[in-house]
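I have placed the structure first, in the form of structure tokens, so that the comments after it can refer back to it.
Just so it is clear, none of the values below were taken in a lab; they were calculated from the coordinates. Here the structure is a predicted model, which is why all the values come from computation and not from measurement. Cβ placement follows ideal geometry from the backbone for every residue including glycine, while neighbour counts extend to all protein chains displayed.
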Amino acid sequence: MKIRKLTPEDYPKATALLRQAFPHSTYEMKLVDNLHKNGTPIHEWVCIHTNKIIAYIAFTNAYHDTEVCGLHLAPFAVKPEFQRQGVGSELLRFALRQQVIKDSPIFVLGETTFYQRFGFEKCSMPICPFAENNRHFMSIRNKTLEPFTVGYELEFGQG
């Protein structure tokens, strides 16, 4: 298994993986396609096994008004037949060690039991516009005390 940055040649394979990992939703697939199409800054890595992409992780900017205040982890996907085998955990650990990621506050909306294993904690501030009462909204390295609603790239509203 190998982890590397996503390349433009991999875009169709990443899209196919997102389709498989989220079979009842096109949101994640459209989100990534729109981020790529619009040239929005995104940090992406994939896990490769036998020349196939089996996992994908992405980080986009988080905003306090117009200022970048951290990164959002989304989407994050593992091919269904490789789930619950440590692939996603390995990819997340790898991503969190990368220079562009390791010092930033990271926000994620997801399964608390999973993300808490990596140091994420429930987040009361900032407020997530996609999570009622910030339910399932977590962060790591977040020092925010001031109340504000965290901003996402425009593509998150287009997915």
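Quick notes on this one:
- Checking the stated criteria, Val100 turns out not to satisfy the condition of being free of Cβ contacts under 8 Å to residues at least 12 places away in the same chain, surrounded by fewer than 16 Cβ atoms within 10 Å (Cβ to Cβ), outside any loop (DSSP other than H, G, I, E, B) and in contact with a strand residue (DSSP E or B) (Cβ under 9 Å, 6 or more places away or on another chain).
- Single residue of region 1-31 satisfying the filter (out of contact with any helix residue (DSSP H, G or I) (no Cβ under 7 Å at 6 or more places or on another chain) and among the basic types (Lys, Arg)) that is farthest from Ala58 (Cα to Cα): Lys2
Yes or no, residue by residue, for (1) in contact with a His (Cβ under 9 Å, 6 or more places away or on another chain); (2) under 26 Å from Ala16 (Cβ atoms):
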| position | (1), (2) |
| --- | --- |
| His64 | no, no |
| Ala74 | no, yes |
| Phe82 | yes, yes |
| Thr112 | yes, no |
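- Being touching a residue at least 60 places away in the same chain (Cβ under 8 Å), surrounded by 13 or more Cβ atoms within 10 Å (Cβ to Cβ) and touching a Cys at 6+ places or on another chain (Cβ under 9 Å) is a property that does not hold for Phe107.
- Test result for Glu67, among the acidic types (Asp, Glu), under 22 Å from Pro105 (Cα atoms) and under 16 Å from the mean Cα position of the chain (by Cα): no
- The set of residues from region 73-97 being out of contact with any strand residue (DSSP E or B) (no Cβ under 8 Å at 6 or more places or on another chain) and among the aliphatic types (A, V, I, L, M) is empty.
- Given (1) part of a helix (DSSP H, G or I); (2) closer than 23 Å to Tyr56 by Cα, index of the condition Phe76 fails: (1)
- Filter result for the condition that a residue is of a type in the set (Gly, Ala, Ser), within 23 Å of Ile140 (Cα to Cα) and part of a helix (DSSP H, G or I), over Gly70, Gly88: Gly88
- Region 113-124, residues that are surrounded by 15 or more Cβ atoms within 10 Å (Cβ to Cβ) and either of a type outside the set (Phe, Trp, Tyr) or closer than 21 Å to Gly157 by Cα (or both): Cys123
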